[in-house]
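The values are calculated or read from the model by the stated rules, or taken from the named source; none is laboratory data. Predicted model, so just to flag it, every value in this text is computed and none were measured. Cβ coordinates were reconstructed from backbone atoms using ideal geometry, including for glycine residues, and neighbour counts include every protein chain displayed. Note: accessible area is taken over every heavy atom of the protein model, side chains too, but ligands, DNA and RNA are not part of it. Shrake-Rupley method; radii C 1.70, N 1.55, O 1.52, S 1.80 Å.
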Amino acid sequence: MATEESGGLAQSAAVKLSEMGERTKQLGTAMQDPERQRRIILVIVCVALLLDNMLYMVIVPIVPDYLARLESESEQAHVTGNSSSNITQNENFDLQIGVLFASKAILQLIVNPLTGTFIDRVGYDIPLLIGLSIMFVSTCIFTFADNYATLFVARSLQGLGSAFADTSGIAMIADKFTEESERSRALGIALAFISFGSLAAPPFGGVLYEFAGKRVPFLVLACVCLADGILCLTVLKPFSSRTRENMPVGTPIYKLMIDPYIAVVAGALTTCNIPLAFLEPTIANWMEENMNSSQWEIGLTWLPAFFPHILGVYITVKLAAQYPHLQWFYGALGMVIIGASSCIVPACKNFEQLIIPLCGICFGIALVDTALLPTLAFLVDVRHVSVYGSVYAIADISYCVAYALGPIVAGKIVHDLGFVQLNLGMGLANVLYAPALLLLRNVCLMKPSHSERNMLLEEGATGLYDTIRMEERLGKKHGYSSSGNCVPVDENGTFAGQSKTFSEEETSEPEYI
């Protein structure tokens, strides 16, 4: 009897294992579908960007209060004989907080030129996994840090991880989504996750810190980071195959930096993010002094701005699909909106009034980012080699310039010149820079360097652009298009009724952003 029961259990276990194996096989087959794989890759990248920006902002309500408690405990332990040193420490406390906040962006700024070149050489998947691994270690250090030096190390490590994860993630989206409309939509989704991470992290961190302690917010983020890393490892399989050898060598980052069109875009990304980067460390004190705002109002200052940011992304993606030649105009309009909103901030008298210009700033930033980030990929496609690591390293450098200066410089400007002058200066800078985007008005008429590409095609497809074109040409020769629809072709491999050669067809097509 016992033997029959054990045999039945073994048979039942074998059936379940067989079912699990079949489901795993089906899942693996489904994962091989290119469209589904692109969506999973987009999810992985968006989660990585969400984590990075949540880590960037979650410490805002936590670290100052936590360090203040450590300082007070230290003072209580050394009450006698150290009054002068304690006064000096209190005077330097704000500077220490500013340096701690800025250390992430500063290290990211230093490392980005190297990571961009590294990404161009090894591909996008390995750097993304490296970035997620470093971010996981950084978050764990934040969890158990109990002094300023350890927090500084954790914050700096986060900058190193961001330099890998952010740049490779955005570059991977540009590489996987080759159609300009799809690319704009995918980058818009990524920007929405960035915005949500930045704006939702302070209330998320503040609430958990208040009711569950310092470690819980970082433990939650560490678990999400670990899950995203495992998903990256299983889906992308960065170490299983090395197809990068067949891809071209990307344009060196210094050559991209001196490209006037890329330089204009990079300057716009820096300028439009300065108001957000400079207001984040200064607006809380200004609200306390001028509005007598409560702590919950300060904590929720930026949260309403998430919704106009999403609206800005959505509107720009839709407009770019309908009128792709006006990408420069959407960016310029966004900078004017940012400038006008920055000038209105000091005139606000209460929390409800303040929400309006802050929403305007985030709406304008959405217009600029959503219009210009795809433009960078297009400029690389038509003026350089279709490898995106270095160009998005330049974009990341542009953001880091603003966020490295913000925590350190903004407080000094407010102290020396005043909060009103700071906002007027930022607003004026955005309005004056907007006309520079006129340089991009004819970008949509640019075409690739065909002499180089035709030479590449004679040797076989090497870049992403050439691979797609080669597949289209081979498809025509076999009687079907690259989209899978059967098309009648003649013996020369061209569509019926079409006498153009592949090279002539490529040359005659205008490309739009």
> To the nearest 20 debye, what is the magnitude of the charge dipole of the range 90-220 about its Cα centre, counting +1 on the Cβ of each Lys and Arg and -1 on the Cβ of each Asp and Glu?
Replying inline: 200 debye
> Measuring from a point 7 Å past the Cα of Arg38 along Cα-to-C-beta, which residues in the range 154-187 have an amide N at less than 11 Å?
Replying inline: 174-186
>> Students often get this wrong, so check it: of Lys104/Lys412; Lys214/Lys412; Lys104/Lys214, which have C-alpha atoms separated by over 24 Å?
In response: Lys214/Lys412
>> At 7 Å along Cα-to-Cβ for each site, give me the label-to-label distance between His415 and Ile356 in nm.
In response: 3.4 nm
> In nanometres, what is the gap between the two model label sites at Leu233 and Lys349, each 7 Å from Cα along Cα-to-Cβ?
Replying inline: 5.9 nm
> Counting every Cα pair in the range 313-356, what percent are over 14 Å apart?
Replying inline: 59 percent
>> For the full complex of protein chains and a 1.4 angstrom probe, list Lys237, Lys349 by accessible area with the highest value first.
In response: Lys349, Lys237
> What's the Cα-based Rg to Rh of the range 140-234, Rh via Kirkwood?
Replying inline: 1.04
> What trypsin sites (Lys or Arg not before Pro) in the range 219-317 are in a loop by DSSP, with at most 16 other Cβ atoms within 10 Å of the Cβ?
Replying inline: Arg242
> Using modelled backbone amide H atoms (1.01 Å from N, in-plane), which distant-in-sequence or interchain residues come within less than 5 Å of Ser293's amide H?
Replying inline: Glu288
> Which FRET efficiency value, to the nearest 0.05, do you get for Asn442 and Phe307 by plugging their Cβ-Cβ distance into 1/(1 + (r/R0)^6) with R0 = 45 Å?
Replying inline: 0.85
> With each pseudo-label sitting 7 Å past Cα toward Cβ, what's the Val122-Met291 distance in nm, one decimal?
Replying inline: 4.6 nm
> Relative to the present Cα-Cα distance, how much length would full extension add between Ala149 and Val99 at 0.36 nm per residue of separation?
Replying inline: 16.8 nm
